[in-house]
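The values are calculated or read from the model by the stated rules, or taken from the named source; none is laboratory data. A quick note: this is a predicted structure, and the numbers were derived from the prediction, not measured. Here the Cβ positions follow ideal geometry from the backbone for every residue, glycine too, while neighbour counts run over all protein chains shown. When the accessible area is computed, the model is the full protein with side chains, heavy atoms only, and any ligands, DNA or RNA have been set aside. Shrake-Rupley method; radii C 1.70, N 1.55, O 1.52, S 1.80 Å.
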Amino acid sequence: MKEAVKTFLKRVLESEKVSAANKIPCKNFRDHSLEGAKEVAKKVPDEGILILEIIS
């Protein structure tokens with residue numbers, strides 16, 4: 001895994017809030033989930049893949 005990806009995943013796991021999670025910079029801000037992002041960040045190193053679940 002590339003170092004940039006490792007650094008990004010570490011930052012996700014250490015985050016306490018989702019940046020830009022409001023309607024000004026992001027029209028889909030209601031779809032942001034810090035808990036979901038942390039769950040995925042934990043799985044990526046072991047599984048080597050990222051699964052995107054589409055919320056409807």
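What to note about this one:
- Considering segment 9-35, and only residues there that are at pLDDT 85 or above and either of a type outside the set (A, V, I, L, M) or in contact with a His (Cβ under 6 Å, 6 or more places away or on another chain) (or both), the residue that is least open to solvent (accessible area, probe 1.4 Å) turns out to be 15.
- Yes/no for residue 56 being open to solvent by 80 Å² or more (accessible area, probe 1.4 Å), at pLDDT below 65, on the phi < 0 side of the Ramachandran plot and in a loop (DSSP other than H, G, I, E, B): yes
- For segment 36-53, a tally of residues being modelled with pLDDT of 75 or more and open to solvent by less than 90 Å² (accessible area, probe 1.4 Å) returns 7.
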